[in-house]
Amino acid sequence: MAAYGGWETWQQVKKIRLGVHSWGWALRLKFRSKIFSKIKVQTFPEQPYLTMEPFPNSPYLGGFHGQKVWIEDSSGKIQSERLDPRSYFSSFRRKFYWDDLDCLYFGAYALWNYLTEPFLLHHPDIQLKELSPWNEGGRSWRRLLARFPNTIPTHSRDQVYYFDENGFIVRHDYTAEVFGGWAKAAHFSMDFKEISGLIFPTQRRVWPRKKNNQPFRGLTLVGLDFSEIQVDLK
């Protein structure tokens, strides 16, 4: 927490706002490659809540709050919504195609997780255990196993975070279960910048994770570039 600006500072964060540019093969598999290509996002660290716009296109906004997603128009009128969206991903159709609300749930919970690191790891219901160090590219990274409860929307119950010598999370391993048990990912963060006393990576790349725990960098599942990051304090 000290590396990211300190626990006391994070407790004062009310809202995080930023621009997101995303691409990659993951959503191409669902025939939705451009759904998050350029959006504005705002999220709230203390609860799983995030909005993005335009979504799925102008003038609509997509919203996510825990176990609910919705799309509203410019007047705030709900156009469509879905309760317990995660339960829908086991259907046969979703193996091949995602609708707007499927995409919204995946993108929103994932961004909320990423943008609230490492604040999220202080959640009292997340169990933490330090693992043996991992050597990659001539560098040694400390590893932390995080076991998430079912009450937190996230990729998978068990996830591993890798910390460099500065205390930054430079790699994050998980299984993107909404895609399937095969979707084992190695998620790398880079280009860290200070915003209002807090530290955020501004580039993220997600690659498949091979059986030997090495990333396969020849296929980018998700690329994320963050811009215009702003932090609103309480």
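Each of Val170, Leu29, Thr51 was scored by the projection of its Cα onto the charge dipole of the chain, and the greatest displacement toward the positive side belongs to Leu29; charges sit on the C-beta of Lys, Arg, Asp and Glu. What you get for the stretch 7-233, charging only the Cβ of Lys and Arg (+1) and of Asp and Glu (-1), is a dipole of about 920 debye around the Cα centre.
Measuring between their Cα centroids, the stretch 20-60 and the stretch 166-192 lie 18 Å from each other. Within the straight-line cut-off of under 16 Å between alpha carbons, the aspartates and glutamates reachable from Lys211 are Glu136, Asp173, sequence neighbours fewer than 8 places apart in one chain being disregarded. With K and R counted +1 and D and E -1, the other residues having a Cβ less than 12 Å from that of Leu145 yield a net charge of +2. Pairs from the table (Lys40/Lys210; Lys14/Lys34; Lys40/Lys95; Lys68/Lys95; Lys15/Lys68) lying more than 23 angstrom apart at Cα are Lys40/Lys210; Lys14/Lys34; Lys40/Lys95.
Here the calculated FRET efficiency for Asp84 and Lys193, from their Cβ-Cβ distance with R0 = 25 Å, stands at 0.10, rounded to the nearest 0.05. Projecting the Cα positions of Leu128, Leu221, Ile78 onto the charge dipole of the chain (unit charges on Cβ atoms of Lys, Arg, Asp and Glu, taken about the Cα centre) puts Leu221 furthest along the positive direction. Going from the residue with the fewest nearby Cβ atoms within 10 Å to the one with the most, Val206, Val69 rank Val206, Val69.
Reported value for the chain: 123 Å³ per residue, from the convex hull of its C-alpha atoms. Across the chain, the relative contact order, built from alpha-carbon pairs under 8 Å that are at least six residues apart, equals 21 percent.
Quick note: the coordinates plus some simple rules give every number you see, no bench work behind them. No experiment lies behind these values; they were computed from the predicted model shown. Don't worry about glycine lacking a Cβ; one is built from the backbone with ideal geometry, like all the others, and counts go over all protein chains shown.
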